[in-house]
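Here the structure comes first, spelled out in structure tokens, and everything after it is commentary.
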Amino acid sequence: MDYQTIGLGISKGVARLVLNRPDRLNAFTTEMHEEIRHALTAAQTDKSVRCVLITGAGRAFCAGADLSAFNDQDGPVDLGEALERDYNPLVQTITGMNIPVVCAVNGVAAGAGANFALCCDIVVAARSASFIQAFSKIGLIPDCSGTWVLPRLAGHARAMGMAMLGEPISAEKASDWGLIWQVVDDDALVDTAEQLAQRLANQATVGLAFTKRAIHLSWQNSLDVQLKLERDLQHAAGKTADHTEGVNAFLEKRSAKFKGE
Ligand code: T3D
């Protein structure tokens, strides 16, 4: 596919997806959603890819839905349809991918752009970045998993404050509140995110996929059900070549060479 609104590059086991509409602060359009879907499917099906790294071009990460498109319509638009077609599958794809997804938030992340970032597995943000639940300013609700992810990551009170007030939350505060993994100086973002993605791509990726699945399912499971899930996934992880390699490397006092198998 010839991408117009994103960039995709694959090397050294990492698929790098760059949102690329900098003049619109990388706001989502239907075309961009189609291209992201295509790129994520390409990354998921390419056996050489063991980690995805997502970032934005220019000064912003993503300003959410492109609001200029909202005016192109003659009558009221069915926003539920857009969620069903574009945003919900996006969240389901990211959270369901069997490889880690790192997000490098290079600037403001607003509306669905903020929640797109927050549903990735490991989120690193530049110190100048901010997260804005901009929906309340235009009479909408936090979508792209916002109403699910915010209370889980930040707690009820902070989720309510963020969602209802729509104020910018600095990267520093996002880190303090447990919304993201790490905040780094702006000029260190690219290197930090790249090193993280590379490190994850060289780890035992099947084990990481099981870990991701277990942590996601824990939100809906009782302790007893979760313990059974851990048993089953550990059973499967124990049969991987990477597990054997990890144990051998430890006993032989050398670095493990994982293959993602
Ligand atoms: O159907 C569906 O898609 C439903 C799903 C909805 C999900 C949502 O995401 S709803 C929330 C949509 N997003 C917003 O409400 C955020 C709107 N943007 C802003 O509030 C601000 O732009 C920011 C806080 C993100 C950044 O502010 P600032 O001052 O740094 O930049 P700016 O000057 O406002 O924006 C720069 C340009 O980008 C500007 O264009 P111009 O004047 O240079 O021609 C601005 O209009 C444009 N831009 C920014 N955000 C959007 C946008 N254009 C279209 N859509 C945007 N979301």
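Key figures for this structure:
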item: Selection count where residues are of a type outside the set (F, W, Y), outside any strand (DSSP E or B) and closer than 22 Å to V190 by Cβ, scope segment 108-118; result: 4
item: Close pairs from segment 119-138: first assigned by TED's automatic domain parsing to the domain that holds L150, partner among the basic types (K, R), Cβ under 9 Å, at least 6 apart; result: D121/K212; S128/R59; S130/K173; F131/K173
item: Flag if E172 is assigned to a loop (DSSP other than H, G, I, E, B) and open to solvent by 30 Å² or more (accessible area, probe 1.4 Å); result: no
item: Residue satisfying all of: in segment 119-133; surrounded by 24 or more Cβ atoms within 10 Å (Cβ to Cβ) and more than 12 Å from V190 (Cα to Cα); nearest to the ligand (Cβ to nearest atom) among these; result: Q133
item: Residue among V105, V91, V52, V18 that alone is open to solvent by 10 Å² or more (accessible area, probe 1.4 Å), under 23 Å from V184 (Cβ atoms) and at pLDDT 95 or above; result: V18
item: Check on A109, more than 21 Å from A193 (Cβ to Cβ) and within 13 Å of the ligand (Cβ to nearest atom); result: no
item: Any hit, segment 136-149, residues being among the aromatic types (F, W, Y) and either more than 16 Å from the ligand (Cβ to nearest atom) or open to solvent by less than 30 Å² (accessible area, probe 1.4 Å) (or both); result: no
item: Inter-residue pairs, beta-carbon under 7 Å, first in the same structural domain as I94 (by TED's automatic domain parsing) and in segment 216-229, second part of a loop (DSSP other than H, G, I, E, B), 6+ apart; result: none
item: Test result for D242, open to solvent by 40 Å² or more (accessible area, probe 1.4 Å) and either modelled with pLDDT under 95 or not in a loop (DSSP other than H, G, I, E, B) (or both); result: no
item: Residue list for segment 108-118, restricted to those being open to solvent by 10 Å² or more (accessible area, probe 1.4 Å) and either hydroxyl-bearing (S, T, Y) or over 15 Å from T55 (Cβ atoms) (or both); result: A110
item: Every pair of residues 6+ apart whose Cβ atoms lie under 6 Å, when the first sits in segment 46-68 and is within 18 Å of L118 (Cβ to Cβ) while the second is in a loop (DSSP other than H, G, I, E, B) and open to solvent by less than 10 Å² (accessible area, probe 1.4 Å); result: G56/N26; A60/N26; A60/G107; F61/G107; C62/N26; A63/A27; G64/G111
item: Pairs, first farther than 18 Å from A197 by Cβ in segment 34-45, second at pLDDT below 95, C-beta under 9 Å, six or more apart; result: E34/M1; E35/M1; H38/M1
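The values are calculated or read from the model by the stated rules, or taken from the named source; none is laboratory data. Computed from a prediction, not measured in an experiment: that's the story for all the values here. Note: ideal-geometry Cβ built from the backbone for every residue, glycine included; neighbour counts use all protein chains shown. Side chains are part of the model used for accessible areas, which takes the heavy atoms of the whole protein and leaves out ligands, DNA and RNA. Shrake-Rupley method; radii C 1.70, N 1.55, O 1.52, S 1.80 Å.
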